[in-house]
Structures are given as C-alpha cells and as structure tokens.
1. Can you work out which of the residues in the range 27-66 that are small (Gly, Ala, Ser), closer than 30 Å to residue 9 by Cβ and in contact (Cβ under 8 Å) with a residue 60 or more places away in the chain is surrounded by the fewest Cβ atoms within 10 Å (Cβ to Cβ)?
2. The conditions are (1) in contact with a helix residue (DSSP H, G or I) (Cβ under 7 Å, 6 or more places away or on another chain); (2) among the polar types (S, T, N, Q); (3) farther than 11 Å from residue 32 by Cα, and residue 94 fails exactly one of them. Which is it?
3. Regarding the range 68-86, can at least one residue be identified that is charged (D, E, K, R), part of a helix (DSSP H, G or I) and either modelled with pLDDT under 90 or over 25 Å from residue 23 (Cβ atoms) (or both)?
4. Restricting to the range 69-92, give me the number of residues that are out of contact with any strand residue (DSSP E or B) (no Cβ under 9 Å at 6 or more places or on another chain) and under 16 Å from residue 131 (Cα atoms).
5. Looking only at the range 3-43, which residues are out of contact with any Gly (no Cβ under 6 Å at 6 or more places or on another chain) and β-branched (Val, Ile, Thr)?
6. Looking at residue 27, is it within 23 Å of residue 145 (Cβ to Cβ), assigned to a helix (DSSP H, G or I), of a type in the set (Lys, Arg) and modelled with pLDDT of 90 or more?
7. Residue by residue through the range 27-69, note down the ones that are among the small types (Gly, Ala, Ser) and out of contact with any Lys or Arg (no Cβ under 7 Å at 6 or more places or on another chain).
Amino acid sequence: MTALEERIDAVDGRVRRLAKEDERCARLQEIPGIGPVTATALIAAVGDAKRYRSARHMAASFGLTPHEHSSGGKQKLLGISKRGDRYIRWLLVQGARSIMRFASKRTDALSRWVCQLASRRGVNVAAAALANKLARIAWALLAKSERFASA
C-alpha cells in the first residue's frame, strides 16, 4: 500500500467516524443514495437547514432546480440551473444514479417514480430530478428533525 493510499484510508476512516458520531448524518444516511461522504458534505455545506425558507431554496442553492425562462406570459422550464455548490450537486447526482441502477427491481415509491420518469424523459433528466428530490428530502430531515420514512 502506497503512502497516498494510506492517507486516503485515514481520511476515509475519519469521515466515517464523523458520520457515525453526528446524529444529523445518521438521519441523512437513512435516505437511499446518501452515504457517509454525502451526509458529512451536506452537513458541512448546509449548516443549519432552517436558514433556507423551503426545500426548494436548499435544492436551488446546489443548482438542482429547473432554470426558468419566461417571456410574454409563457413559462419555459429548461435544464437545471447549475448555480451553486457543484460538489454537493455532483454527490447528489451520483447518489441518484446509484438508486437508479436497482430501481427497476424495487417496489418503493421513489423507485417507481424514477423508473417512470426515466422512461418518459431519459436517464439523465431522471437523475437530475431525483437529485433534486434527495436534496428536498434532506432539507425536511434536517430542518424538521424528522426521520426518513420510505413510502
């Protein structure tokens, strides 16, 4: 094992230890697609989730909400805005992709929803939409001190 691999293992162990010790991280890890790295990064980036007015505002801070272009009374929603913390956005999209890998074999509401969306709109759009939904679920768990309950 090289010195770099040893340092990576040490940092990875520290992240896992932090995730176990922090009650908020434990709650976040109940969400499918969110592990210790994503949970600790979310806690570090968000701080107090109550500073966001709503779940949509938190998702928007990571650039996961649709970009709107409206003119003449017509509303157009384009792709995600990509404004905000790109590392958190990347982590949430990767978590969404990990859910999507096995979604067709699962029967929970989140898996059914993402399978239907992927068949209608494509895999990449579904991954971005699921990442948005994960950010909103994370806000609910952090701001309201709730536990994740799969439907």
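1. The extreme case among them is 35.
2. Residue 94 satisfies every listed condition except (1).
3. Within the range 68-86, one or more residues are charged (D, E, K, R), part of a helix (DSSP H, G or I) and either modelled with pLDDT under 90 or over 25 Å from residue 23 (Cβ atoms) (or both).
4. Of the residues in the range 69-92, 8 are out of contact with any strand residue (DSSP E or B) (no Cβ under 9 Å at 6 or more places or on another chain) and under 16 Å from residue 131 (Cα atoms).
5. 8, 11, 15, 31, 37, 40, 43
6. Criteria met by residue 27.
7. Those that are among the small types (Gly, Ala, Ser) and out of contact with any Lys or Arg (no Cβ under 7 Å at 6 or more places or on another chain): 33, 35, 39, 41, 44, 45, 47, 49, 54, 60, 61.
The values are calculated or read from the model by the stated rules, or taken from the named source; none is laboratory data. On a predicted model such as this, the values are computed, not experimentally measured, just so you know. A quick note on method: Cβ atoms are made from the backbone with ideal geometry, for glycine too, and the neighbour counts reach across all protein chains shown.
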